[in-house]
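Before any comments, here is the structure.
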Amino acid sequence: MSTCRILILFAHPALEKSRIQRQLIKAAQGIEAVTVHDLYEAYPSFQINIQAEQKLLLDHDLIVFQHPFYWYSSPAILKEWQDVVLEYGFAYGHKGTALHGKQFLSAISTGGGQQAYRREGNNHFTIREFLAPFEQTARLCGMEYLPPFVVQEVYQLSKEAIAGHAKHYRQTLLELRDGTLNREQLRQRQHLNEEFAYHA
Amino acid sequence: MHEHDIFFQAFIYLLAAVLTVPLAQRLGLGSVLGYLMAGVVIGPFGLKLVGQEGADVMHFAEFGVVMMLFLVGLELQPSLLWRLRVPILGLGGLQVVGTALVSGAIGLLFGLPWQTALVVGLIFAMSSTAIVLQTLNEKGLLKTEAGQSAFSVLLFQDISVIPILAILPLLALQRSAVMSPEASALQPWQQTLLVIGLVGGIVLAGRFLMRPVFRLIASTGLREVFTATALLLVIGVALAVKAAGLSPALGTFVAGVVLADSEYRHELESDIEPFKGLLLGLFFIAVGAGINFTILFQSPLLIIGLVLALALVKFLVLLGLGRFFKLAWDQSLLFAFALAQGGEFAFVLFSFTTQNKILTPQIAEPLVVVVALSMVFTPLLIIIYERFVQPRFQSQGEERESDDIDENENPVIIAGFGRFGQIVGRLLIANRWRVTVLDISSSQIDTLRRFGYKVFYGDASRLDLLHAAGAAQAKLFVVAVDDREKTLEIVDLVQKHFPHLKILARAIDRRHAYELIRRNVEVIERETFGSALEMGVEALKLLGVRSFRARRVAQLFKLNDEHLLYEMAHVEADDQAIAARSRQNREELERLLQTDDHELVHEIDRAWDVSDLVRDGTGKVPSDNAE
C-alpha cells in the first residue's frame, strides 16, 4: 500500500496556554507526508479560504481534526471550517464525491477522565457518543471513520505523561501513514490509543 | 607661528592615529593598542615628532576620560546603579584594600619604609578606566557579568581617589613639607558638606534645569546648537567639580546618571560620542608617547619584573575576589585579566606625591614607567583571554550574553510617535512588550513621558542615534513618521546598517507603498486604508447588509487589494520613468476601477449557499442543511 498522506486540521484558540495540545502538535510536526494546518493561525478573523482548503483536502488521504474538546465538540473555527469548506456538490450531494474513500480521525484532549464519560458520570455520554456528529459527517462525505485518538484527564497529567502521549501520537501518525496498523483490530476499539492510554 | 605649530601637531597626531589604528584593528589588536603604538612611534623615543608638550596634551586629553564617564553615566539608570551597590562597595572596596596591602607587603620585603610601601600599594590599586572600558566596550564584553563587575570596581576606584588624596599626606616621610593642595583650607566636615552639596546641586540642576533648557534648544531644530549645549554641560560640570577639588570624571558621571532617564539621553549620547572618541584616542597616544624608555633601557630587568609583579598581584587579588563574589570561572578570569594594570589616576597620584615629597623621584619615576607599560599590555591580556581562555568556556559565555541583551535592550523601536505610532506602541505596551520610542516633537515627548512612556528626542534618520537607541539589539523597527521622504531615508538606513531588523513601515498612500514594497519592507500598512475600509463596512451595514457579511466582504476586498498593490508595485517599476506623476495617478485609478470588485461578492456568496440544494432537491441531504 502506498503512503497515506495525512492532513491535520488543528484548532486551538489559545495555544500559548495549552499544556497537552502544544506537545501533541509539536510531535506531529516535521513528519514526511504529514501536513499540519493551524487554523487559528491561518484565519485569525475566521475568513476561511474555501478553495485553498478544498485543494488541501484533495491532496491528502487521511483528514485529522485535532483540537481540545470544548463543550463536547470542537472549538468554533473548526465548525466554521466544516460549514464553509464541506460544500454541497464538493463534499456531499450526488455530485459531491471529492472525499470518497478518504479516512477521518478525531484527535482530541479532554479535561474529564474515563469515569466522567459514561452514564453514571458527570458527562452522562461516552466520548464516542459525543463525537457522533463528526462520525456522521465523515459518513455523509463517504469517508472511513477511525476510532478517535483521545487523551483524557489532561489537567492531572505529569510532564512525563504528556511527553509519553505526544510520543505515542507521533508513532500512531507514522503507522497510519505507512498503513501498518491492523484495520480489523482498529475497528474493534473504542479509542485508537485505548491500550496506551490506560496502561501508561 | 604658534598656530602653525598647533596645526602641525594636530596633523602628526591625527596621521599617526589614522595610520596605526586601522592597522591594529585589522590585526585584531583593538583600537586602544593602536593608539598606544602610535604614541610610541611619534614620541621622544620613536620618531621624535612630539616631545615636551606631551604632558600638556595628556592633560588636555584627560578630558576624554571625563566625557567617557559622562557617557557611562548616561547608560546607567539610577535603578541600575542601585542594583550595583554591592559590587561597587564590596568588590571595589576589597579590590583597592586588598591590592594596596599585598603590593605594600611586597614593598616592605624590598626594604621600603611601610609608609612608602602603602602609598605605592594604594597607587597600584588603581586600574585604567579609559583602557578597560574602551576595550571591553569595543569587544562587546561590557554587558557581561565580568564587564559589569569591572565597571563597578573602576567606579569605586574613581570615587576612592578623593579620600586617597586626603590620606596620602599623612603617609609622608617628612611631615613638614606636606600640603594637600585642594583640601588645604577646609576641614574634613566642610569637605564632606561640599561634596554632598555639589552632588545634590548636579542632581537638582539635571532634574529641573537641564530638561527645560534642552527642550528649548531642541525646539529650535538646530542640531549644532544642541551639540554645543551638550558640550557646554559636560565642560561646565567638570569645571564646577574641579573648582571644588573633586574628580571631574566623578562629577560628569553623576550628571550622566541624572540625565540617564531623560528623553534626551540618546541624543546626548550621539552628540558627545565623537568628541569622547577623539579625546580618548589622544589620551592613549599621549600615554604611549610619555613612556620613558631611558629608564627602561637602564634597568630593563627591574622594570619588566615590576610590570609582571604588578600584573600578577592584581590578577590574583581580582581572581580571588571574582570567585568570592560567586562569578563563574570564565567571568572571574575575564574580570581579572581586564583590570590587571595600573591606571591613569596613578600618573595623577605619582605627580601629587612627588610634588608633596611623599615619594622621592627615584622611586616614583621607574614606577610611572611600570604603570604605563602595564597599561600598554592590557589590550594584549584581553586578547590572550579571548583567544586562549574564553574558548574553553564557549557555550556558557554565549548563553549568558544573549540573556543580558534581553534584559537590557528593548526588542522594538518605534520611530515617530504621533497619531499612527502611538496606536502601534500602545498595543505593544499593553501586551507588556518593551518599546523604545524616537520622536522629534519635544512638546509631544513631554506629555508622553508624563504618562510613563520611554520616549526619546531625536531624528531617526541619524545612524548614531539609531545605534544609541539600541538598534543593534532590537528585533523590530517600526517606521511611523508622517513624512514620505523621511520614511524612505530611515528604511534605507536601517536596511543598510541593521539588516537583522524586521521593518514595519507606515505608507502615506499607494505610491509611497510601492516604494516600500520595492525595498522589500516586511510589513507595509497604508495609513488610511484600514479606517476607510471600516467605514465602508459601516456604510454597508446602514444599507441593510448584515454585519457579518459586510465584514467578510471587506476582508476579502482587503486581501484582493493588497494582492493588486504588490503586483502593481512591480509593474510600475518598469515604466516608472515614462509618464508624468499626475498622469500615472489617473491611470492607476483607472486600473484599480477596472478590476472587478463584483467577483468578491460571488466569492462571499459561496459560503452557506443553499441554492444548489434547493435546485437538486434530491440525494443525501442532511436535514439541518436544507433550510
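Restricting the search to the stretch B:21-38, which residues are buried (at least 18 other Cβ atoms within 10 Å of the Cβ), modelled with pLDDT under 80 and of a type in the set (Gly, Ala, Ser)?
Restricting attention to the stretch B:21-38, the residues satisfying the condition of being buried (at least 18 other Cβ atoms within 10 Å of the Cβ) are B:21, B:24, B:29-38.
Now narrow it down to the ones that are modelled with pLDDT under 80: B:29-33.
Once the filter is applied, which keeps residues that are buried (at least 18 other Cβ atoms within 10 Å of the Cβ), modelled with pLDDT under 80 and of a type in the set (Gly, Ala, Ser), the stretch B:21-38 yields B:Gly30, B:Ser31.
Among (1) at pLDDT below 80; (2) more than 18 Å from B:Gly92 (Cβ to Cβ), where does B:Thr135 come up short?
Status for B:Thr135: all satisfied but (1).
Hey, among B:Ala573, B:Ala577, which residue is modelled with pLDDT under 85, part of a helix (DSSP H, G or I) and away from chain A (no Cβ under 11 Å)?
B:Ala573
Within the stretch B:185-236, can you find the residues that are surrounded by 14 or more Cβ atoms within 10 Å (Cβ to Cβ), in contact with a helix residue (DSSP H, G or I) (Cβ under 7 Å, 6 or more places away or on another chain) and of a type in the set (Lys, Arg)?
If the condition is that a residue be surrounded by 14 or more Cβ atoms within 10 Å (Cβ to Cβ), in contact with a helix residue (DSSP H, G or I) (Cβ under 7 Å, 6 or more places away or on another chain) and of a type in the set (Lys, Arg), then B:Arg215 is the only one that fits.
Go through the residues of the stretch B:532-543 one by one and say whether even a single one is within 14 Å of another protein chain (Cβ to nearest Cβ) and among the β-branched types (Val, Ile, Thr).
As a first pass, look at the stretch B:532-543 and keep what is within 14 Å of another protein chain (Cβ to nearest Cβ): B:533-534, B:537.
Going one step further and asking which of them are among the β-branched types (Val, Ile, Thr), we end up with B:537.
Within the stretch B:532-543 (the criterion being within 14 Å of another protein chain (Cβ to nearest Cβ) and among the β-branched types (Val, Ile, Thr)), the answer is yes, since at least one residue qualifies.
What tally of residues in the stretch B:237-270 results from selecting those that are charged (D, E, K, R) and buried (at least 23 other Cβ atoms within 10 Å of the Cβ)? Don't jump to the end; show me each part of the working.
Start the filter on the stretch B:237-270 by keeping residues that are charged (D, E, K, R), which leaves B:242, B:261, B:263, B:265, B:267, B:269.
Next cut, buried (at least 23 other Cβ atoms within 10 Å of the Cβ) only: B:263, B:267, B:269.
Residues that pass the stated criteria total 3.
Output the helices (runs of 4 or more DSSP H) that fall wholly within the stretch A:10-104 and possess 1 or more residues being modelled with pLDDT under 95, more than 30 Å from B:His602 (Cβ to Cβ) and away from chain B (no Cβ under 14 Å), or say none. Lay out the reasoning, then the answer.
On the way: elements: A:20-28, A:39-42, A:50-58, A:76-85.
Qualifying helices (runs of 4 or more DSSP H): A:20-28.
If A:Glu153 passes every condition in (1) within 14 Å of another protein chain (Cβ to nearest Cβ); (2) touching a Gly at 6+ places or on another chain (Cβ under 6 Å); (3) surrounded by 15 or more Cβ atoms within 10 Å (Cβ to Cβ) but one, which one does it miss?
For A:Glu153, the exception is condition (1).
Which numbered condition in (1) at pLDDT 85 or above; (2) surrounded by 16 or more Cβ atoms within 10 Å (Cβ to Cβ); (3) not basic (Lys, Arg) is the only one that B:Asp483 fails?
Condition not satisfied by B:Asp483: (2).
Among B:Val41, B:Val96, B:Val18, B:Val102, which is under 20 Å from B:Phe350 (Cβ atoms), at pLDDT 85 or above, surrounded by fewer than 20 Cβ atoms within 10 Å (Cβ to Cβ) and not charged (D, E, K, R)?
Details: B:Val41 fails: under 20 Å from B:Phe350 (Cβ atoms); B:Val96 fails: surrounded by fewer than 20 Cβ atoms within 10 Å (Cβ to Cβ); B:Val18 fails: under 20 Å from B:Phe350 (Cβ atoms).
None of the other options fit; the residue is B:Val102.
Among the candidates B:Leu310, B:Leu296, single out the residue that is surrounded by 20 or more Cβ atoms within 10 Å (Cβ to Cβ) and assigned by TED's automatic domain parsing to the domain that holds B:Ala146. Steps first, answer last, please.
Values: B:Leu296 fails: surrounded by 20 or more Cβ atoms within 10 Å (Cβ to Cβ).
The match here is B:Leu310.
Out of the stretch B:528-551, which residues are surrounded by 14 or more Cβ atoms within 10 Å (Cβ to Cβ) and either touching a Pro at 6+ places or on another chain (Cβ under 8 Å) or under 22 Å from B:Asp509 (Cα atoms) (or both)? Even if it seems obvious, please write down each step before you answer.
Initially, the stretch B:528-551 is screened for residues surrounded by 14 or more Cβ atoms within 10 Å (Cβ to Cβ), giving B:529, B:533, B:536-537, B:540-541, B:545, B:549-551.
Within the stretch B:528-551, B:Phe529, B:Leu533, B:Gly536, B:Val537 qualify.
Which of the residues spanning the stretch A:183-200 are modelled with pLDDT of 85 or more and either in contact with a strand residue (DSSP E or B) (Cβ under 7 Å, 6 or more places away or on another chain) or part of a loop (DSSP other than H, G, I, E, B) (or both)?
Those that are modelled with pLDDT of 85 or more and either in contact with a strand residue (DSSP E or B) (Cβ under 7 Å, 6 or more places away or on another chain) or part of a loop (DSSP other than H, G, I, E, B) (or both): A:Arg189, A:Gln190, A:His191, A:Leu192, A:Asn193.
Determine which member of the set B:Leu310, B:Leu232, B:Leu280, B:Leu246 is touching a Ser or Thr at 6+ places or on another chain (Cβ under 6 Å) and aliphatic (A, V, I, L, M).
Working: B:Leu232 fails: touching a Ser or Thr at 6+ places or on another chain (Cβ under 6 Å); B:Leu280 fails: touching a Ser or Thr at 6+ places or on another chain (Cβ under 6 Å); B:Leu246 fails: touching a Ser or Thr at 6+ places or on another chain (Cβ under 6 Å).
After applying the criteria, what remains is B:Leu310.
What number of residues in the stretch A:143-169 are under 14 Å from A:Lys26 (Cβ atoms) and of a type in the set (Ser, Thr, Tyr)?
Going through the stretch A:143-169 one residue at a time, the tally reaches 1.
Can you name the helices (runs of 4 or more DSSP H) wholly within the stretch B:2-96 that have at least 3 residues being outside the structural domain of B:Thr135 (by TED's automatic domain parsing) and without any contact (Cβ under 8 Å) to a residue 40 or more places away in the chain? Break it down into steps so the answer makes sense when it comes.
Numbers: elements: B:2-26, B:31-42, B:54-75, B:78-83.
Qualifying helices (runs of 4 or more DSSP H): B:2-26.
Considering only the stretch B:508-531, state which residues are within 14 Å of another protein chain (Cβ to nearest Cβ) and either over 27 Å from A:Phe46 (Cα atoms) or among the β-branched types (Val, Ile, Thr) (or both). Quick ask: steps written out before the conclusion?
Looking only at the stretch B:508-531, we keep the residues that are within 14 Å of another protein chain (Cβ to nearest Cβ), and these are B:530.
Matches in the stretch B:508-531: none.
Based on what the data block shows, is A:His124 within 14 Å of chain B (Cβ to nearest Cβ), surrounded by fewer than 20 Cβ atoms within 10 Å (Cβ to Cβ) and touching a Lys or Arg at 6+ places or on another chain (Cβ under 9 Å)?
Numbers: within 14 Å of chain B (Cβ to nearest Cβ): no; surrounded by fewer than 20 Cβ atoms within 10 Å (Cβ to Cβ): yes; touching a Lys or Arg at 6+ places or on another chain (Cβ under 9 Å): yes.
It is false that A:His124 is within 14 Å of chain B (Cβ to nearest Cβ), surrounded by fewer than 20 Cβ atoms within 10 Å (Cβ to Cβ) and touching a Lys or Arg at 6+ places or on another chain (Cβ under 9 Å).
Would you please list the contacts, defined by Cβ atoms under 7 Å and residues six or more apart or on different chains, that run from a residue in the stretch B:129-142 that is assigned by TED's automatic domain parsing to the domain that holds B:Leu36 and of a type in the set (Ser, Thr, Tyr) to a residue that is crowded, with 18+ Cβ neighbours inside 10 Å and at pLDDT below 80?
That search, which allows pairs on different chains as well, returns B:Thr129/B:Val65; B:Thr129/B:Asp158; B:Thr135/B:Gly30; B:Thr135/B:Val32.
Where in the stretch B:197-294 are the helices (runs of 4 or more DSSP H), entirely inside, with at least 2 residues that are among the basic types (Lys, Arg) and at pLDDT 85 or above? I'd like the intermediate steps shown before the answer.
Details: elements: B:210-220, B:223-243, B:248-259, B:265-289.
Answer list for the stretch B:197-294: none.
Of the conditions (1) within 14 Å of another protein chain (Cβ to nearest Cβ); (2) exposed (fewer than 15 other Cβ atoms within 10 Å of the Cβ); (3) closer than 26 Å to A:Arg22 by Cα; (4) touching a residue at least 24 places away in the same chain (Cβ under 8 Å), A:Phe134 fails just one. Which one is it?
(2)
The values are calculated or read from the model by the stated rules, or taken from the named source; none is laboratory data. Predicted, not measured: the structure shown is a model, and the values here were computed from it. Virtual Cβ from ideal backbone geometry, glycine too; neighbours counted across all protein chains shown.
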